[in-house]
Each structure stands twice: as C-alpha cells, then as structure tokens.
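Structure, as structure tokens:
The values are calculated or read from the model by the stated rules, or taken from the named source; none is laboratory data. Predicted, not measured: the structure shown is a model, and the values here were computed from it. FYI the Cβ positions are ideal-geometry reconstructions off the backbone, even for glycines, and counts take in every protein chain you see.
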Amino acid sequence: MGSYDLPDGAVKCLDKGFIRLVDSMGRDAAIVQAARVSYGKGTTKVSRDRALIRYLMRHHHSTPFEMVEFKFHAKMPIFVARQWVRHRTANINEYSLRYSEAVDDFYIPRPENVHFQSKWNKQGRETADVPAELKAKTVAYFKEMSQRSYELYTELNEAGIARELARAVLPVNLYTQWYWKNDLHNTFHFLRLRMDDHAQYEIRVYATAMAEIVKRVVPNAYEAFEDYILNGMFFSRIDREIFRKKLPERVKEDLLDDVTYQLVAGLHANKPRDENELYKLYQKEGGQDSEADFAIKWAARDNAEGNIFEMRELKEKLYKLGS
Ligand SMILES: Cc1cc2nc3c(=O)[nH]c(=O)nc-3n(C[C@H](O)[C@H](O)[C@H](O)COP(=O)(O)OP(=O)(O)OC[C@H]3O[C@@H](n4cnc5c(N)ncnc54)[C@H](O)[C@@H]3O)c2cc1C
C-alpha cells in the first residue's frame with residue numbers, strides 16, 4: 001500500500017510517517033538577546049548565557065523563548081493530527097483531500113503496540129499482554145478496513161463523485177501531511193503535554209522525534225526545559241501542607257545544609273577562595289555544621305555544578321516548606 005519514501009533529513013515515525021525540520025529562526029543566542037532587552041546588557045551575574053536561559057525557564061519568563069521559531073513538515077495518521085491540531089498557537093497548512101486524491105497510506109499498528117483498554121485510565125492502554133491471536137486479529141482488521149475503504153473511495157472517485165465527499169469514506173488511520181510552524185515557547189508546551197506518559201503512544205512518537213530536533217537547534221534552552229519543566233515538579237498547597245506537617249525538623253535542617261554546601265561550592269567555583277575562608281562563607285550563608293563536620297563533608301562533597309541562583313531559590317522554597 002502507498003509509497004513511503006522518507007524525505008531528506010526526515011525522522012521516521014510509526015510505520016509510514018515522519019517529521020522533518022524545514023526551517024528554523026534563531027538559536028539560544030536569540031533568547032538571550034531578547035532577554036537582555038528587558039534586563040539590560042551585562043548588568044548582573046545572570047548575564048552568562050546558559051544561566052540566563054535557565055533563569056528565564058525557572059521563572060516562566062516565556063516571551064524570549066518566542067523569538068525562536070520552527071517549521072516542521074510532518075506526516076501522521078489523521079487521528080494523531082486531530083490531537084496535534086488542538087495546539088492552537090501553531091500555523092498549519094495541511095494536505096487537502098478536496099484538491100488532491102487520497103494516497104493509499106494507512107497506519108497499521110505493530111502487534112507490540114496493541115494493548116487492552118486501561119482499567120485505571122479511561123484514556124490509556126493497559127500494559128498487560130494481549131494474546132497473540134487477538135493482536136493478530138486487531139492488525140488484520142486495520143488492514144482489511146483500510147483496504148476496503150480505499151477500494152470504495154477509488155470507486156467513487158472514478159465515478160466522478162466530488163473528492164470532498166468521497167474522502168468521507170476513509171478512516172482516521174489514513175495518513176495526512178502538514179507544515180506546522182510554532183515558536184519555541186509553545187513548542188515546549190506541546191512537548192510537555194505530548195511527550196508525557198499520559199499522551200497517546202502514537203503522538204508521543206512524533207513529540208519525541210520533534211524534541212530531538214529542537215534539542216539540536218537550542219541545546220541550552222532544551223536542557224533548561226528538561227530540567228525545570230519536563231523533569232521538574234510542582235507542589236500544590238495541599239502537597240506543601242503534608243510536607244510541612246510530616247517532614248521532621250531534622251530532615252528540613254539537613255536539606256537546608258546540603259543546599260548551603262552546594263551554594264558555597266557554586267560561589268567558590270565562580271570566585272575561588274582560600275581553603276580557610278570557606279567555612280566562614282558557609283556560616284555566612286546560614287550553614288549549621290561544626291567546622292570539623294564542614295571539613296569532612298566538604299572533602300567528600302559531590303562536586304555539583306552549583307547554580308547559585310537556583311540554590312538560593314531552593315533555600316527559599318525549603319524555608320517556605322518549613323513555615
Ligand atoms: C493527555 C491529554 C488528554 C486530553 N484529553 C482531551 C479530551 O478528552 N478532550 C478534549 O477536548 N481535549 C483533550 N485534550 C486536549 C487539551 O484539552 C488541550 O486542548 C490541548 O492539550 C492543547 O493544550 P493548550 O490549549 O494548552 O495548547 P495551545 O492551544 O497550544 O495553547 C497554548 C496556551 O495558549 C493559551 N491559549 C491558546 N488559545 C487560547 C484561547 N483561545 N483562549 C485562552 N487561552 C488560549 C493557553 O494558555 C494555552 O495553554 C487532551 C490533552 C492531553 C495532553
């Protein structure tokens with residue numbers, strides 16, 4: 001069925017789909033450049049590019065990320081396109097079945113992606129294995145229905161019935177194609193929702209491929225997105241209340257102390273101090289360990305990269321959690 005040639009530079013998705021970057025505007029530097037209009041060039045320590053991008057991402061200062069744009073060409077089953085199109089900020093131009101004849105391109109799931117309906121999540125699939133015969137039957141039905149509907153479509157088409165009506169006999173596993181243009185901020189929003197475990201497997205395949213492309217164009221912004229959004233965590237008032245009541249004082253103090261070590265390491269990395277000044281710096285930052293304990297822990301510390309701003313913000317969060 002159909003012709004499945006991959007265009008140059010395209011990443012294959014599902015059985016016959018793909019995504020490829022057609023064009024992009026701006027890189028990490030464009031984000032920094034835009035942010036400096038609002039913060040003033042080189043006025044503060046955040047002027048280092050990577051740190052600035054991370055700061056912007058942490059604080060949801062999103063408009064600088066809108067300065068970068070991507071234009072993708074993607075081919076996906078119609079049922080995937082229906083989910084994708086809900087992301088309203090994109091500009092889209094889709095292949096039209098009113099003007100052109102449908103191509104015999106249908107998505108046929110692989111047996112390993114045929115699952116039972118989840119009992120817990122009404123929108124999800126169960127991980128338990130489906131018996132091989134039932135998987136085979138499901139795949140066979142997809143093939144049978146695709147072939148039959150395409151025969152009916154071709155018959156109507158050849159009889160001169162308007163394509164805009166004849167296409168309605170085709171099912172939603174038919175592939176469509178579009179150009180999709182969006183800015184980086186809204187692309188991250190799309191990726192956050194569609195790479196998530198709760199998103200349908202078929203759209204996750206495209207989102208994951210898109211993420212790899214985005215990562216290559218804006219590596220610092222993507223790293224910040226991964227750290228703070230994709231793998232970050234949000235606590236509600238109710239969550240915080242539980243932590244506040246249940247976390248023992250000792251644990252809160254230990255956490256604060258660990259953060260203070262990281263903070264000192266960050267300050268030291270930025271402006272190296274004499275060994276004998278480090279304990280004073282640690283105390284100045286609120287560290288509670290004795291000098292002897294400090295020396296042991298400092299010698300054994302994990303040399304984390306120590307983002308000073310991030311550590312100060314984490315300290316604030318820990319204070320809030322405890323009060
Ligand atoms: C796991 C999952 C399950 C879903 N299930 C369903 C479902 O059962 N039924 C269903 O209908 N949809 C469902 N959706 C789609 C979902 O409700 C959103 O429509 C979709 O994810 C797009 O999100 P968005 O509106 O934030 O994105 P976008 O449209 O890209 O918008 C980005 C942001 O811009 C702002 N924005 C854009 N347009 C407007 C506007 N007109 N007015 C105000 N603010 C705007 C909003 O802040 C929005 O968050 C599901 C999505 C996911 C990820």
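Return the only residue of R82, R20 being modelled with pLDDT of 95 or more, assigned to a helix (DSSP H, G or I), within 30 Å of T176 (Cα to Cα) and basic (K, R).
Step by step, each of R82, R20 is checked, and only R82 is modelled with pLDDT of 95 or more, assigned to a helix (DSSP H, G or I), within 30 Å of T176 (Cα to Cα) and basic (K, R).
Just to be sure I understand the filter: pairs with C-beta atoms under 6 Å, separated by 6 or more residues or on different chains, first member in region 189-210 and among the aromatic types (F, W, Y), second member within 9 Å of the ligand (Cβ to nearest atom). Which pairs pass?
The qualifying pairs are F190/H87.
V130 - would you say it is more than 30 Å from L184 (Cα to Cα), touching a His at 6+ places or on another chain (Cβ under 7 Å) and free of Cβ contacts under 8 Å to residues at least 40 places away in the same chain? Before the answer, list the steps.
Numbers: more than 30 Å from L184 (Cα to Cα): yes; touching a His at 6+ places or on another chain (Cβ under 7 Å): yes; free of Cβ contacts under 8 Å to residues at least 40 places away in the same chain: yes.
Criteria met by V130.
Results for (1) touching a Gly at 6+ places or on another chain (Cβ under 9 Å); (2) in contact (Cβ under 8 Å) with a residue 24 or more places away in the chain; (3) assigned by TED's automatic domain parsing to the domain that holds N186, shown as yes or no for each residue.
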position	(1), (2), (3)
P219	no, yes, yes
E241	no, no, no
R244	yes, yes, no
L247	yes, yes, no
L256	yes, yes, no
L263	yes, yes, no
G266	yes, yes, no
N270	yes, yes, no
A292	no, no, no
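Condition check: in a helix (DSSP H, G or I), closer than 17 Å to F106 by Cβ and more than 13 Å from the ligand (Cβ to nearest atom). Does V214 satisfy that?
Criteria not met by V214.
Taking the condition in contact (Cβ under 8 Å) with a residue 12 or more places away in the chain and either more than 16 Å from the ligand (Cβ to nearest atom) or not assigned by TED's automatic domain parsing to the domain that holds I53 (or both), does A90 pass? Steps first, please.
Working: in contact (Cβ under 8 Å) with a residue 12 or more places away in the chain: yes; either more than 16 Å from the ligand (Cβ to nearest atom) or not assigned by TED's automatic domain parsing to the domain that holds I53 (or both): no.
No: the conditions fail for A90.
Identify the residue in region 256-288 that is surrounded by 17 or more Cβ atoms within 10 Å (Cβ to Cβ) and of a type in the set (A, V, I, L, M) and, among all such residues, is farthest from M311 (Cα to Cα).
L278
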